Amino acid sequence: MKLMKHITIALVLCAIPAVAVGQTVTCDDCTHVASVYMGEGGVIATAQEDVEMVTWVATCGGVTRSGELEPNDDGVTEAGDGVKMMAGKGATFVKETATGRVGILPHIVPEPPAAPAAICGPRPNRNWPNAYDSQATSSCMLGGGRTKIRLLGPGSFGGTSMITNGMVYRPRSGTVTVTADLWVDESGSYSTAVDNDDSDGPSNASIQKGWAGKTASALGEGSGTNWLTATFVASVAAAVGNPTTVPADGSDDVAGVTQTNTGATAITPEGATTPNPVGQAVLTIGPDSAYCSKTNDNAALVNILAVPGTNAIHPPVAIGRAAGLGSSTALASFAAVTQLRIVCPP
């Protein structure tokens, strides 16, 4: 006795005279509802490759009928000479040649993915010289207030570039400089500041605050300096014992690392006439024979932690557990943490 594999389709029949099309079912024993039309031509259905019998259940006007269909050897997918079928976008047009009766069979397709939701924050414009002077504050997605720390250090040809690998070489002589600043994670936030001139909204600088790449001016004003207000704490993970905090006043170094600015003091870059806003910390790294010498080859791991200042943005900057830093009370006041490995020169 040969066992026959079944599937079941439920046909919702309507009074529109035309042929019927069933939908392929991908389970061994299930009921599938499809939009179907019945006419003198019978039923058109496509069975799975390994299915030998299809049970159909049709309901119309409160009357339910059922039966079994066995596919022909050639597949049973064409309506025959008496019916014309023309596939279109989303449906198939069906016409019975003898009677002229027609029908439209909608295709069953997956629902298209929804368009990504707009996030709250700065919006671009074409008004020179300001690239971003407005912001979305409603009908948009807000983030959770989380932030990220950007590290800048020695780059190519004596320049400065972003440290993306979390590592910097300790100098053989002299010092190298690494700066740290705090930015929103760009998941959605907007400024709630109000200008001092009694205007209705925040200034361009306030709108762009914390958003990397959203410059205050097409002339370069504010480019890369619109970080959040924050101060920073640095500590070095010792080879033995607890991490040692680097003095905030720059009075001494730990493992050759000196913190010359916590972010509380505005810095005027070389060649500039106006200082950058507060919120950027400065670490200088020099030689240390206990870590790097002819007999020592040790990396120093520096923990850099950001304490947010007054930032008129919504949602407010998250700290501690809300910032994803866990439930430790030691991290309860910090917004973000990153690490920098200082390795010996090759």
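Hey, among the residues in the range 164-177 that are open to solvent by less than 40 Å² (accessible area, probe 1.4 Å) and assigned to a loop (DSSP other than H, G, I, E, B), which one's farthest from Arg341 (Cα to Cα)?
Of everything passing the filter in the range 164-177, Pro171 is farthest from Arg341 (Cα to Cα).
Just the residues that are under 20 Å from Arg172 (Cβ atoms), surrounded by fewer than 22 Cβ atoms within 10 Å (Cβ to Cβ) and not small (Gly, Ala, Ser), please, taken from the range 258-291.
Matches in the range 258-291: Thr258, Thr284, Pro287, Asp288, Tyr291.
If you check every pair at least six apart or on different chains, which have Cβ atoms under 8 Å apart with a residue in the range 106-123 that is surrounded by 10 or more Cβ atoms within 10 Å (Cβ to Cβ) first and a residue that is at pLDDT below 70 second?
From the range 106-123, the pairs are Pro106/Ser35; Ile108/Gln23; Ile108/Ala34; Ile108/Ser35.
Of everything in the range 137-161, what is out of contact with any strand residue (DSSP E or B) (no Cβ under 6 Å at 6 or more places or on another chain) and in a strand (DSSP E or B)? Give them in sequence order.
Within the range 137-161, just Ser161 meets the criteria.
Tell me whether the range 226-235 contains one or more residues that are touching a strand residue (DSSP E or B) at 6+ places or on another chain (Cβ under 9 Å), surrounded by fewer than 18 Cβ atoms within 10 Å (Cβ to Cβ), within 30 Å of Cys292 (Cβ to Cβ) and of a type in the set (A, V, I, L, M).
no
Any residue in the range 238-257 that is touching a residue at least 60 places away in the same chain (Cβ under 8 Å), touching a Ser or Thr at 6+ places or on another chain (Cβ under 7 Å) and open to solvent by less than 50 Å² (accessible area, probe 1.4 Å)? Can you show your working first?
So the first thing to find is which residues in the range 238-257 are touching a residue at least 60 places away in the same chain (Cβ under 8 Å), and the list is 243, 255-257.
Applying the additional criterion that residues be touching a Ser or Thr at 6+ places or on another chain (Cβ under 7 Å) yields 243.
Next, from what is left, pick out any that are open to solvent by less than 50 Å² (accessible area, probe 1.4 Å): none.
Within the range 238-257, not a single residue is touching a residue at least 60 places away in the same chain (Cβ under 8 Å), touching a Ser or Thr at 6+ places or on another chain (Cβ under 7 Å) and open to solvent by less than 50 Å² (accessible area, probe 1.4 Å).
Can you find a residue that is modelled with pLDDT of 95 or more, surrounded by fewer than 17 Cβ atoms within 10 Å (Cβ to Cβ) and assigned to a strand (DSSP E or B) anywhere in the range 308-315?
Yes, that holds for at least one residue.
Scan Ser161, Ser139 and give me the residue that is among the hydroxyl-bearing types (Ser, Thr, Tyr) and either surrounded by 15 or more Cβ atoms within 10 Å (Cβ to Cβ) or closer than 30 Å to Pro345 by Cα (or both).
After ruling out the rest, the residue left standing is Ser161.
Would you check which residues across the range 138-156 are more than 25 Å from Val302 (Cβ to Cβ) and without any contact (Cβ under 8 Å) to a residue 60 or more places away in the chain and list them?
Scanning the range 138-156 gives Ser138, Ser139, Cys140, Met141.
Looking only at the range 142-158, filter to residues that are of a type outside the set (A, V, I, L, M, F, W, C) and closer than 17 Å to Glu270 by Cα; which one of those is surrounded by the fewest Cβ atoms within 10 Å (Cβ to Cβ)? Steps first, please.
In the first step, residues of the range 142-158 are kept if they are of a type outside the set (A, V, I, L, M, F, W, C); the result is 143-148, 150, 153-156, 158.
Within this subset, residues satisfying the condition of being closer than 17 Å to Glu270 by Cα are 153-155, 158.
Numbers: Gly153: 19, Pro154: 16, Gly155: 11, Gly158: 6.
Ranking the qualifying residues of the range 142-158, first place goes to Gly158.
Taking the condition of a type in the set (S, T, N, Q), assigned to a loop (DSSP other than H, G, I, E, B) and open to solvent by less than 30 Å² (accessible area, probe 1.4 Å), does Ser217 pass? Let's see the steps before the verdict.
Values: of a type in the set (S, T, N, Q): yes; assigned to a loop (DSSP other than H, G, I, E, B): yes; open to solvent by less than 30 Å² (accessible area, probe 1.4 Å): yes.
Against the criterion (of a type in the set (S, T, N, Q), assigned to a loop (DSSP other than H, G, I, E, B) and open to solvent by less than 30 Å² (accessible area, probe 1.4 Å)), Ser217 qualifies.
The values are calculated or read from the model by the stated rules, or taken from the named source; none is laboratory data. As the structure is a prediction and not an experimental result, all values here were calculated from the model. So basically every Cβ, Gly included, is an ideal-geometry build from the backbone, and we count neighbours across all protein chains shown. Surface areas here come from the heavy atoms of the whole protein model, side chains and all, with no ligands, DNA or RNA. Shrake-Rupley method; radii C 1.70, N 1.55, O 1.52, S 1.80 Å.
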